[in-house]
Amino acid sequence: MAVAAIVVIGALVAFLALRDTSTRLEKAAKACSVSGVIDDEGHTLSLRRVAAKEDPGRVSLVDYECVLGELAVPRAVKDHMGSTRALDGTQTDEWDGLKARWTYHPDDGISMTITEN
């Protein structure tokens, strides 16, 4: 009985030590190989100057698309993002416990912050 208890406790400790406690935003950034974009203990992901004409940010358009895919952004939200004009100002949308806030300008590219509640 004592041996069984030790085995169970050992398995539980190993499970707790090995489980991935990353947030969805951290997992998306890691899957897309983007660094320096996570803040607030994994609850904020910031993408700056994506596809800017001059001085683009460190996140490429391909990385941006990868992050949106990893976060399972619905088509309606992607359409909202893609139809944003510079004149529209700051836009927001939400899906599945995530909230995005972004701006777009042809010269400055896309700047977006995604937060997880």
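The values are calculated or read from the model by the stated rules, or taken from the named source; none is laboratory data. All figures in this text were calculated on a predicted structure; none of them were measured in a lab. FYI the Cβ positions are ideal-geometry reconstructions off the backbone, even for glycines, and counts take in every protein chain you see.
Odds and ends about this structure:
- Every residue from the range 96-106 that is over 16 Å from residue 43 (Cβ atoms) and at pLDDT 95 or above: 102, 103, 104, 105
- Residue count for the range 71-96, restricted to those that are more than 26 Å from residue 26 (Cβ to Cβ) and either assigned to a helix (DSSP H, G or I) or in contact with a Leu (Cβ under 8 Å, 6 or more places away or on another chain) (or both): 4
- Remark: pairs (first residue in the range 85-106, without any contact (Cβ under 8 Å) to a residue 12 or more places away in the chain; second residue assigned to a strand (DSSP E or B); Cβ separation under 6 Å; 6+ apart in sequence or on different chains) = 92/101.
- Identity of the residue in the range 50-81, touching a strand residue (DSSP E or B) at 6+ places or on another chain (Cβ under 9 Å) and among the small types (Gly, Ala, Ser), that ends up surrounded by the most Cβ atoms within 10 Å (Cβ to Cβ): 57
- Close pairs from the range 31-56: first closer than 11 Å to residue 114 by Cβ and part of a loop (DSSP other than H, G, I, E, B), partner at pLDDT 95 or above and aliphatic (A, V, I, L, M), Cβ under 6 Å, at least 6 apart: 37/29; 37/45
- If you filter the range 82-117 down to residues that are small (Gly, Ala, Ser) and buried (at least 17 other Cβ atoms within 10 Å of the Cβ), you find that the one that is nearest to residue 35 (Cα to Cα) is 111.
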